[in-house]
Amino acid sequence: MGDFDPSAPVIASAPVSRRIGVLGGTFDPVHIGHLRGALEVAESLALDELRLTPSARPPHRNTPQVSAKNRLAMVECAVAGVAPLVVDARELQRDKPSYTIDTLELMRGELAVDDQVFLLLGWDAFCGLPTWHRWEELLQHCHILVLQRPDADSEPPDALRNLLAARSVSDPLALKGPSGQIAFVWQTPLAVSATQIRQLLASGKSVRFLVPDAVLAYIDAHGLYRASN
């Protein structure tokens, strides 16, 4: 074995780019549909992190029924110890509508240039993209993963057809570079919604197995979604 030469130049290995997923929503409340879908994508695409990002004042949705504090706490309960799912609370810290483009710009400023960012959108949300604030700039900051269930058979609006023709990739694992492409990811259909859960709770019925046990315990402890609220 040769002697170590301290004068020899040190060749640094190139940093490995990270793969970051982003799933936004009101999470009012977070449920197994959100979580199972997120975990499936994180595992199939070998994401280093999948950030669940609760929105404060979503421009395209009704005002959430419970406070931002409670919605954040429920998401934190849901993902505790479930790597690579994590919580990103930045939208709750802004006193303005939760525009996705603003969130992506902030995230990009914190990441390495080569890090890949994947924005997860359900089929309905994807079809509504042309109504989003500065929507045509989204792909400058991320790839888009469309979570499509087998029963999603509607056609995208005309405004998206040219975009899909130019930017779509058939294999999500083939997405290259930090941003700029679109891929579809098939999801296990889970017939559960936050609206359904709120209605069950308001009528005094159980939502066990529709939300994680820790989330159910939080809802019960704080009396959320009950008819008196």
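Just so you know, all these numbers are worked out from the coordinates, no wet-lab data involved. As the structure is a prediction and not an experimental result, all values here were calculated from the model. No Cβ is skipped: glycine too gets one built from the backbone with ideal geometry, and neighbour counts run over all protein chains shown.
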* Structure fact -> Rounded to the nearest 10 degrees, the helix 68-79 long axis (Cα) sits at an angle to the longest Cα principal axis of the chain of 60 degrees
* Structure fact -> Taking Cα atoms, the helix 158-167 axis meets the longest principal axis of the chain at an angle in degrees (rounded to 10) of 30 degrees
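Quickly rank 21-27, 211-217, 191-197 as a protection proxy: mean count of other C-beta atoms within 10 Å, highest first. Write down the numbers at each step before the final one.
Values: 21-27: 22.4, 211-217: 18.4, 191-197: 15.1.
Result, highest mean first: 21-27, 211-217, 191-197.
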* For M107, M74, what ranking results if the residue with the fewest other Cβ atoms within 10 Å of its Cβ goes first? -> M107, M74
* Straight distance only, please: which lysines reach the Cα of K96 with their own Cα at less than 28 Å, same-chain residues fewer than 8 apart left out? => K69
* **Separation of the L200 and A166 label points, Cα + 7 Å toward Cβ, nm** => 4.4 nm
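Kindly provide the helix-only [θ] at 222 nm of the chain, computed as the sum of -39,500 (n - 2.57) over DSSP H runs of four or more divided by all residues, to the nearest 500 deg cm²/dmol? Numbers along the way, then the final one.
On the way: 7 runs with 70 residues, N = 229.
Estimated from H runs of four or more residues: -9000 deg cm²/dmol.
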* Cα long-axis angle, helix 32-44 against the chain (0 to 90 degrees, to the nearest 10) -> 10 degrees
* To do: Considering only G33, G109, G128, give the residue with the highest GNM mean-square fluctuation for the chain, with springs between Cα atoms whenever their separation is below 10 Å.
  => G109
